[in-house]
Amino acid sequence: MSLTAILRKSASTVTPLASRIVRLGQRDYHCAHFSVMKRQVNLPRNNPSFIVPFLQRFCSAATETQRPSSTESLLRVIESEIKDAQENDDSDLAEEIPKDFPFKIDDNAGQQTVILTREYEGELVKVEVHMPDFVTGEENDGDDGNDDKEQPVQSSIPLAVTVSKKSGTCLQFNCVAYADEVTIDSISIGVSESSEDQMAYDGPNFHDLDENLKKGFHKYLEIRGIKASTTNFLHEYMINKDSREYMGWLSNLKQFIEA
C-alpha cells in the first residue's frame with residue numbers, strides 16, 4: 001500500500017471520531033449549563049417568608065421616594081421654625097403671680113383665651129383675656145418729621161369683663177389693656193335668660209359719655225380688680241401663653257404633614 005493511501009485511510013478514521021468527541025463535549029456542556037440554570041431559578045415559590053419582607057422593603061422605599069419635594073421643603077421650614085422658637089422660648093418659666101392678684105386663673109392649653117373669675121360683694125366678676133396684639137406705630141402715615149426714628153413696640157390685650165348680679169343681670173365691658181392704662185370701648189347691660197329674644201340697648205358710644213361718667217366706670221372696674229397691677233401681669237402671662245401655643249401649633253402642623 002502506498003503512503004498516500006495509508007494517510008487517506010487514517011484521516012477517514014480520525015474525522016468521525018473527532019466529530020463524536022466534539023458532540024459529546026457540547027452535550028455535556030449544555031447539560032451542565034442547564035443544571036446550573038435550573039438550580040438558580042429553583043426559588044421557594046410557595047414560601048411567603050421570602051416574598052413578604054422583599055415586598056415590605058420595596059413598598060417602604062417607594063413611599064419615601066414618592067413624597068413630593070414640596071412637602072419635604074415645607075417640613076424643613078417647619079423644623080427650622082420649631083428650632084428657632086425653642087431657642088428663643090422662655091415660656092416654661094413660671095410666672096410669679098402678684099400677691100394682690102385677686103382672680104382665679106383658668107388656662108387650658110390649646111385655647112385662645114384665659115378666663116379670670118372672682119367674687120366681689122356678692123357679684124361674680126368674669127374676665128375673658130385674649131391673646132395680645134402688638135403695635136409698632138408704623139400705621140401712622142402722618143408727616144411728623146420722625147420717619148427715621150424707630151417706633152417702640154407696644155402690646156395690648158383685649159378684655160371682656162362681665163359683672164353679674166345674683167338676679168341674673170350683668171354689666172358687660174369691652175376693654176383694651178395697655179401697659180399703663182385700661183380703656184373702655186363699650187358698655188352694655190345683659191338681660192335675663194327669660195328675655196333673650198329681646199334686643200337690649202347697648203347705650204351710647206363710651207367715648208361720647210360725660211367725662212365724670214367715664215371716670216366713674218373706670219373706678220368701678222378698678223375696685224373689682226381691673227387695674228394696672230393686674231393688667232401688667234396679664235401682659236407677661238399672655239405673651240408667654242402665646243409662645244406656648246405657637247410651639248404646640250407648629251408641632252401639630254409637623255405631625256399632620258408627616259402623616
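The values are calculated or read from the model by the stated rules, or taken from the named source; none is laboratory data. Since the model is a prediction, treat every value here as computed from it, not as a measurement. Because the Cβ atoms are built from the backbone with ideal geometry, glycine has one as well, and the counts that use them run over all protein chains shown.
Among the residues in the range 95-110, are any out of contact with any strand residue (DSSP E or B) (no Cβ under 9 Å at 6 or more places or on another chain), at pLDDT below 85, closer than 16 Å to Asp242 by Cβ and outside the structural domain of Glu236 (by TED's automatic domain parsing)?
Yes, the range 95-110 has at least one match.
So, Thr71, is that one surrounded by 13 or more Cβ atoms within 10 Å (Cβ to Cβ) and modelled with pLDDT of 70 or more or not? Steps first, answer last, please.
Numbers: surrounded by 13 or more Cβ atoms within 10 Å (Cβ to Cβ): no; modelled with pLDDT of 70 or more: yes.
No: the conditions fail for Thr71.
Just one of (1) exposed (fewer than 15 other Cβ atoms within 10 Å of the Cβ); (2) modelled with pLDDT of 90 or more; (3) not basic (Lys, Arg) trips up Ile184, so point out which.
Exception for Ile184: condition (1).
So, in the range 152-171, of the ones that are in contact with a Phe, Trp or Tyr (Cβ under 7 Å, 6 or more places away or on another chain) and either of a type in the set (Asp, Glu) or in contact (Cβ under 8 Å) with a residue 60 or more places away in the chain (or both), which residue ends up surrounded by the fewest Cβ atoms within 10 Å (Cβ to Cβ)?
By that ranking, first place goes to Ser155.
Take the range 200-219 and flag every residue that is free of Cβ contacts under 8 Å to residues at least 40 places away in the same chain and either assigned to a helix (DSSP H, G or I) or closer than 23 Å to Leu116 by Cβ (or both). Before you say what the answer is, go through the steps one by one.
From the range 200-219, those free of Cβ contacts under 8 Å to residues at least 40 places away in the same chain are 200-216, 218-219; that's our starting set.
Answer for the range 200-219, where residues must be free of Cβ contacts under 8 Å to residues at least 40 places away in the same chain and either assigned to a helix (DSSP H, G or I) or closer than 23 Å to Leu116 by Cβ (or both): Phe206, His207, Asp208, Glu211, Asn212, Leu213, Lys214, Lys215, Gly216, His218, Lys219.
Please work out which residue is nearest to Asp89 (Cα to Cα), limiting yourself to the range 232-253 and to residues that are of a type outside the set (Ser, Thr, Tyr) and touching a helix residue (DSSP H, G or I) at 6+ places or on another chain (Cβ under 7 Å).
So the first thing to find is which residues in the range 232-253 are of a type outside the set (Ser, Thr, Tyr), and the list is 232-236, 238-242, 244-245, 247-250, 252-253.
So of that shortlist, the ones also touching a helix residue (DSSP H, G or I) at 6+ places or on another chain (Cβ under 7 Å) come out as 247, 250, 253.
Details: Met247: 9, Leu250: 13, Leu253: 18 Å.
Among those that are of a type outside the set (Ser, Thr, Tyr) and touching a helix residue (DSSP H, G or I) at 6+ places or on another chain (Cβ under 7 Å), it is Met247.
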